[in-house]
1. Any chance you could run the full-extension gain for A38 through K25? It's 0.36 nm times the residue separation minus the Cα-Cα distance, nm to one decimal.
2. Can you send over the carbon and sulfur percentage of the accessible area for the chain, probe radius 1.4 Å, protein chains only?
3. For q = 0.27 Å⁻¹, what log10 I(q)/I(0) does region 27-70 give under the Debye formula with an equal point scatterer on each alpha carbon and no solvent?
4. For I9, which sequence-distant residues (separation of 5 or more, or a different chain) have an amide H within less than 5 Å of its own amide H, given hydrogens modelled in the peptide plane?
5. For the full complex of protein chains and a 1.4 angstrom probe, list I22, I15 by accessible area with the highest value first.
6. Might you tell me the accessible area per residue for the chain, computed with a 1.4 Å probe and given in Å²?
7. Before anything else, pin down the relative contact order of the chain: Cα pairs under 8 Å, at least 6 apart, normalised by residue count, whole percent.
8. For the chain, count the residues as N, evaluate 2.2 N^0.38 Å, and divide the Cα radius of gyration by that value, please.
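The values are calculated or read from the model by the stated rules, or taken from the named source; none is laboratory data. All values derive from a computational prediction rather than experimental measurement. To get the accessible areas, we keep the full protein, side chains included, count just its heavy atoms, and leave off ligands, DNA and RNA. Shrake-Rupley method; radii C 1.70, N 1.55, O 1.52, S 1.80 Å.
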Amino acid sequence: MENPLINRITVNPEICHGKPTIRNKRYTVDLILDLLSAGSTHAEILEDYPNLEEEDILACLAYATKVTKYSSYTKISV
(Lines give C-alpha, C1' and ligand atoms only; values in the text may rest on other atoms or scores of the structure.)
Protein backbone atom coordinates (compact mmCIF):
# COMPACT_ATOMS: atom_id res chain seq x y z
CA MET A 1 0.00 0.00 0.00
CA GLU A 2 1.36 3.41 -0.97
CA ASN A 3 1.94 5.99 1.70
CA PRO A 4 -0.69 8.76 1.26
CA LEU A 5 1.90 11.38 2.21
CA ILE A 6 3.48 10.85 -1.23
CA ASN A 7 0.61 12.91 -2.64
CA ARG A 8 2.36 15.96 -1.14
CA ILE A 9 5.23 15.44 -3.60
CA THR A 10 4.60 17.08 -6.96
CA VAL A 11 6.44 17.18 -10.26
CA ASN A 12 5.74 20.22 -12.39
CA PRO A 13 7.99 21.17 -15.33
CA GLU A 14 7.28 24.84 -14.52
CA ILE A 15 8.70 24.58 -10.99
CA CYS A 16 12.36 23.83 -10.22
CA HIS A 17 12.93 22.40 -13.71
CA GLY A 18 10.58 19.49 -13.03
CA LYS A 19 12.39 18.20 -9.95
CA PRO A 20 10.15 16.64 -7.28
CA THR A 21 8.95 19.37 -4.94
CA ILE A 22 6.73 19.67 -1.91
CA ARG A 23 3.17 20.77 -2.68
CA ASN A 24 4.22 22.67 -5.83
CA LYS A 25 6.38 24.96 -3.72
CA ARG A 26 10.01 25.64 -4.51
CA TYR A 27 11.23 23.25 -1.83
CA THR A 28 12.75 20.23 -3.54
CA VAL A 29 12.75 16.76 -2.09
CA ASP A 30 16.52 16.59 -2.47
CA LEU A 31 16.92 19.80 -0.41
CA ILE A 32 15.05 18.25 2.51
CA LEU A 33 16.92 14.95 2.17
CA ASP A 34 20.24 16.82 2.07
CA LEU A 35 19.32 18.71 5.23
CA LEU A 36 18.31 15.50 7.01
CA SER A 37 21.45 13.65 5.92
CA ALA A 38 23.57 16.57 7.17
CA GLY A 39 22.04 16.11 10.62
CA SER A 40 19.30 18.74 10.67
CA THR A 41 16.36 17.80 12.85
CA HIS A 42 12.76 18.09 11.74
CA ALA A 43 12.34 20.98 14.19
CA GLU A 44 15.33 22.85 12.70
CA ILE A 45 14.03 22.41 9.16
CA LEU A 46 10.56 23.59 10.13
CA GLU A 47 12.03 26.61 11.88
CA ASP A 48 14.18 27.52 8.87
CA TYR A 49 11.35 26.89 6.37
CA PRO A 50 8.11 28.01 8.07
CA ASN A 51 5.97 27.19 5.01
CA LEU A 52 6.70 23.51 5.50
CA GLU A 53 4.85 21.08 7.73
CA GLU A 54 6.02 17.95 9.52
CA GLU A 55 4.05 15.88 7.00
CA ASP A 56 6.12 17.42 4.18
CA ILE A 57 9.33 16.07 5.69
CA LEU A 58 7.75 12.67 6.15
CA ALA A 59 6.52 12.82 2.55
CA CYS A 60 10.10 13.37 1.36
CA LEU A 61 11.23 10.31 3.29
CA ALA A 62 8.34 8.26 1.89
CA TYR A 63 9.20 9.43 -1.63
CA ALA A 64 12.87 8.48 -1.16
CA THR A 65 11.81 5.05 0.09
CA LYS A 66 9.62 4.53 -2.97
CA VAL A 67 12.34 5.66 -5.39
CA THR A 68 14.92 3.29 -3.89
CA LYS A 69 12.65 0.30 -4.49
CA TYR A 70 13.36 0.32 -8.25
CA SER A 71 15.08 -2.81 -9.53
CA SER A 72 18.13 -1.15 -11.11
CA TYR A 73 20.55 1.40 -9.75
CA THR A 74 23.61 3.27 -10.92
CA LYS A 75 26.62 4.00 -8.79
CA ILE A 76 26.77 7.59 -7.60
CA SER A 77 30.21 9.07 -7.46
CA VAL A 78 30.88 11.14 -4.40
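1. Here the segment from A38 to K25 would lengthen by 2.5 nm.
2. The value for the chain is 54 percent carbon and sulfur by accessible area.
3. These q points yield log10 I(q)/I(0) values of -0.98.
4. Close amide H contacts, sequence-distant or interchain: R23.
5. I15, I22
6. 72
7. Relative contact order here is 28 percent.
8. 1.11
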